[in-house]
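The numbers here are math on the coordinates, done by the rules we state, and not lab data. Keep in mind it's a predicted model, so treat the numbers as computed, not measured. Ideal geometry is used to build each Cβ from the backbone, glycine not excepted, and the neighbour counts take in all protein chains shown.
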Amino acid sequence: MARDRDTTGTVRACGSLAALLALFAAACAPSAAPGGEDPDGPTIVSLNPCLDAILVEVAQPKQVLALSHYSRDPGSSSVPAAVAARYGVTGGTAEEVIALQPDLVLASIFLPQPTRAALERAGLRVETFGSPTTVAGSIAQVREVAALAGREPEGEWLVRGMQHAAQPSRDARRVSTLLWQPGEIVPGEATLVAEMLRTHGFANHAAAMGLGQADFVALETVLADPPELLLVAGDSTGQRHPLLKHLSGTRVEPLAPGLLFCGGPTVIALGERLGTLSEEMQP
């Protein structure tokens, strides 16, 4: 994964990446596809918002027949609204997908079995993916999606951007940081966002408090044991409370919730945001 959404960095990162991908694709496009196949690769329908985010970066627009309906919901999408609006969507039903007759359907491993069975009975290829919990896992997923789409060079451009964003900050002072996610919960250590925080020099204040994945943190808890940096990614009453502005020794910063949902291109935008904060928090 209403929201306090700061899309400027995300749109800029995705926009610059899209430009690079377009130039690379123009230079490397094959003159003819083997076997008489469409040189743009297979047509695709995505049923998962995280796969949506990868597809719009690596695939040609005419390959993508539809994204998931989540891509149009700011509360669940990691795709900038202006980009998502260029694509069709489905509600995720087998009937809608079969009507589009894609060559390939990309979905979560939690795709209901009856839906998958219906798609496969209609002769459609279905590939499912989990949610990566590491940068390395996310890179592997990008490469797999790009290969399925027949767009390996574009996938490698995206991977290089992710690798750059995940470079460790050198000689950075460890800053005690609490990431306060939507629902007033915190991430566990074995998550992609926690890895990115560590990479950029932030120490997980939640772990120091004895908290784990998705544990609830009330406003009173934050006020009683504040970190050096409080990243607020939610929009609850507690997360908007005026008392937060008066915490002595604590810097309070918003973080767009869309940077927490997925890997892929989100790693780039998250890395930019955390890198900037890390530099600003150093002596």
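Miscellaneous remarks
- By DSSP, the beta bridges lying fully in the chain are antiparallel in about 10 percent of cases.
- Residue order, fewest to most surrounding Cβ atoms within 10 angstrom, among 262, 50: 262, 50
- Rotationally averaged projected area of the stretch 175-281 (alpha carbon convex hull; nm²): 5.9
- q = 0.14, 0.17, 0.24 Å⁻¹, the stretch 216-279: log10 I(q)/I(0) [Debye, one scatterer per Cα]: -0.46, -0.66, -1.07
- Compactness of the chain was expressed as the Cα radius of gyration divided by 2.2 N^0.38 Å, which yields 1.07.
- Ratio of Rg to Rh over the stretch 150-232 (Cα coordinates, Kirkwood Rh, two decimals): 1.10
- Using the average count of surrounding beta-carbon atoms within 10 Å as a protection proxy, the listed peptides 221-228, 268-275 rank, highest first, as 268-275, 221-228.
- For residue 214 and residue 113, a Förster radius of 30 Å and the Cβ-Cβ distance give a FRET efficiency of 0.70, rounded to the nearest 0.05.
- Computed over the stretch 66-122, the P(r) curve from all C-alpha pair distances, binned at 10 Å from the origin, holds 22, 51, 25, 2 percent per bin.
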